[in-house]
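The values are calculated or read from the model by the stated rules, or taken from the named source; none is laboratory data. Since this is a predicted model, take the numbers as computed values, not measurements. Cβ sites come from the backbone with ideal geometry, for glycine too, and all protein chains shown count toward neighbours. All accessible areas refer to the heavy atoms of the entire protein, side chains included, with ligands and DNA or RNA removed. Shrake-Rupley method; radii C 1.70, N 1.55, O 1.52, S 1.80 Å.
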Amino acid sequence: MGSIFKGKILSPISKSKIFFLNPGYLAISEKGKILEIGQNDLRNKYRNFSFYNFFDKLICPGFIDIHNHLPQFPLIGLSSTNLFTWLNELVFPYEDKFRYKKFAQKYSGIFFHKLLKNGTTTTSTYVTIHKQATDIAFQSAKESGIRTFIGKVMMDREVPENMLEDTQKSLQDSQGLIEKWDGYDEDRLRYVLSPRFAVSCSFQMLKGIGKLAKRYNIYIQSHLAESKTEIELIKKLYPEFKNYTEIYYKAGILSEKTIMAHCIYLDKQEIETLQKTGTKISHCPTANRFLSSGIMRYRKLEEKDLTIGLGTDVAGGYSFSMFNEMKEVIETSKTINFVNPKEQYKPVTVEEAYYLATLGGATALSIENETGSLEKGKSADFLVIDYQKLNDCKDNDILSEAKKILSKMIYCGSENIVKQVYVKGKRVI
Ligand SMILES: [Zn+2]
């Protein structure tokens, strides 16, 4: 039997448009697909469906966080002077603990639960170099009900001895995990090959990853041009290449199914390489500031028609919440004009931030036909939001329009207003 939900439906259409139904009705099939959405009461049409009345709540698509690190989340909020100090002093010692089964089990379960509690229904996640820990992460994701892309981190140089992998073994372990998990539950779980970055990967490994991705038609995620120190290191490690992006390009790992995080320091040629290969970008404004890495010129890349989604980059980012990430993407963009008025930078709008956290993220992961907005035929991945919690004085004029509700939700929202969460029509929170 299917179900019908009534509520104030708020969903993205594009970077500048949202649609709002007050009230709206959502009919969902037994298999979790959206059968119909509109203003008409659907109860007469689907007579045997269960009915859920959320007339005073918002119904929104689930959020999509396209970049985060499972093993790092206990480190949230622990700051450091820069990316490499943070990696060496905090991250690597912590990731090493995931060699132990019990540790991986405990933290994987909490991680996916926290994402869902925050309204994130789709995530793209790095684990550690450990095959067992990655397998456990998949198991936890399977049980939690979340939609996710998961990958074992790959590193075969320039990291502490205990984090170093044998190149062939790393590729074989990844292959084993692909064969076991990719496509599980009608693609709810996908594998994503996860070389950490070119600093910690030999060219031989990157080439092996490119081959594996083609053979199995698999996604790839990595980091690109996050900090100036990283770029200096890349010049030393890969002196034969013109720029950072060329390393990934020549290794054959840039494609429409590749997502590169950060992309702060790219030259014209590098942007063209990302364009011609269809590579997607994960914008992580919170982490970029938290680790003092820099400010990505979102608008510059967006105007070149590059596809961009948002990533919390937990724990480079200090919050699981996509409300926070939407706020950060707007506020960070506003500061650019103060620093350099000559850029005449057009700040990100609330509609645009909402798009990036939903349909934009889905497009970056090439699953925009499946999720990211509330439309007929898509999976019923959605949230019930108690936005009235943000209206202390119960002043109806304040939250009378869709744009006002959206703005209030972005700036003041948190997991406290996420009342219920559904993936594939199934309640998971
Ligand atoms: Zn990251």
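Name the residue from Y298, I398, S379 whose Cα lies farthest towards the positive end of the charge dipole of region 271-429, charges +1 on Cβ of Lys and Arg and -1 on Cβ of Asp and Glu.
S379
I'd like the distance between the alpha-carbon centres of region 30-80 and region 174-224, rounded to an integer number of Å.
That distance is 28 Å.
For the cross-link pairs K207/K228; K15/K214; K211/K327; K8/K280; K180/K211; K33/K101, which exceed 27 Å when the distance is taken from alpha carbon to alpha carbon?
Result: K15/K214; K211/K327; K8/K280; K33/K101 exceed 27 Å.
By what distance, in whole Å, do the Cα atoms of region 89-181 stretch along each of the three principal axes, largest value first?
Answer, in whole Å and largest first: 37, 32, 21 Å.
Given Cβ point charges of +1 (Lys, Arg) and -1 (Asp, Glu) and nothing else, what value in debye, to the nearest 20, does the dipole of region 1-83 about its Cα centre take?
The calculated dipole for region 1-83 is roughly 280 debye.
Using a Förster radius of 25 Å, what is the FRET efficiency between N396 and K334 based on their Cβ-Cβ separation? Nearest 0.05, please.
The value I calculate is 0.30.
Springs between alpha-carbon atoms under 10 Å, Gaussian network over the chain: tell me which of T85, T286, T332 tops the mean-square fluctuations.
Ranking T85, T286, T332 by mean-square fluctuation puts T85 first.
Rank N324, I367, A357 by how far each Cα sits towards the positive end of the charge dipole of region 313-375 (+1 on Lys, Arg Cβ; -1 on Asp, Glu Cβ) and give me just the farthest.
Towards the positive end, the residue furthest out is N324.
Add -39500 (n - 2.57) for each DSSP H run of 4 or more in the chain, then divide by its residues: what number comes out at 222 nm, to the nearest 500 deg cm²/dmol?
One gets -10000 deg cm²/dmol as the mean residue ellipticity at 222 nm.
Report for the chain the percent antiparallel among DSSP-assigned beta bridges with both residues inside it, nearest 5.
So the antiparallel bridges amount to about 40 percent of the total.
How big is the charge dipole of the chain about its Cα centre, in debye rounded to the nearest 20, if each Lys and Arg gets +1 on its Cβ and each Asp and Glu gets -1 on its Cβ?
760 debye
At 7 Å along Cα-to-Cβ for each site, give me the label-to-label distance between K268 and Q172 in nm.
Going from the K268 label point to the Q172 one covers 4.8 nm.
Send over the per residue convex hull volume for region 46-94, Cα only, as a whole number of Å³.
For region 46-94, the hull spanned by Cα atoms encloses 167 Å³ per residue.
Write down the accessible area per residue of the chain in Å², having rolled a 1.4 Å probe over the full set of protein chains.
Solvent-accessible surface per residue comes out at 40 Å².
Any idea what log10 I(q)/I(0) is at q = 0.09 Å⁻¹ for region 247-401, Debye with uniform C-alpha scatterers and no solvent?
Treating every Cα as an identical point scatterer, log10 I(q)/I(0) equals -0.34.
Note down the Stokes-Einstein diffusion coefficient of the chain in µm²/s, whole number, using a Kirkwood radius over alpha carbon pairs, 4 °C, and 1.567 mPa s.
Answer, rounded: 59 µm²/s.
Within the chain, what is the longest stretch that has no trypsin sites (Lys or Arg not before Pro) placed in a DSSP loop and near at most 14 other beta-carbon atoms within 10 Å?
No qualifying site falls inside 48-156, the longest such stretch.
With label points built 7 Å along Cα→Cβ from the Cα atoms of E161 and T229, find their separation and express it in nm.
In this crude spin-label approximation the distance works out to 2.3 nm.
Quick one: in region 1-153, what % of C-alpha pairs are over 28 Å apart?
Counting every Cα pair in region 1-153, those more than 28 Å apart make up 40 percent.
Tell me, in nm to one decimal, what length is gained between N22 and N48 on full extension, where the rule is 0.36 nm per residue of separation less the Cα-Cα distance?
Contour length minus Cα-Cα distance gives 7.0 nm.
Just the accessible area for F51, please: 1.4 Å probe, Å², rounded to the nearest 10?
70 Å²
For E186, project a label point 7 Å along Cα to C-beta. Then give me every residue of region 51-75 with its amide nitrogen under 18 Å of that point.
62
How much of the accessible area of region 298-357, probe 1.4 Å, is carbon plus sulfur, in whole percent?
51 percent
Which of the listed residues, Y216, G38, P71, is farthest toward the dipole's positive end in the chain, when Lys, Arg count +1 and Asp, Glu count -1 at the beta-carbon?
G38
Please give the solvent-accessible surface of T363 in Å², to the nearest 10, using a probe radius of 1.4 Å with every protein chain present.
Roll a 1.4 Å probe over it and T363 shows about 30 Å².
So how long is each side of region 195-284 along the principal axes, counting just the alpha-carbon atoms, biggest first, in Å?
Computed over the Cα atoms, the extents are 34, 25, 21 Å.
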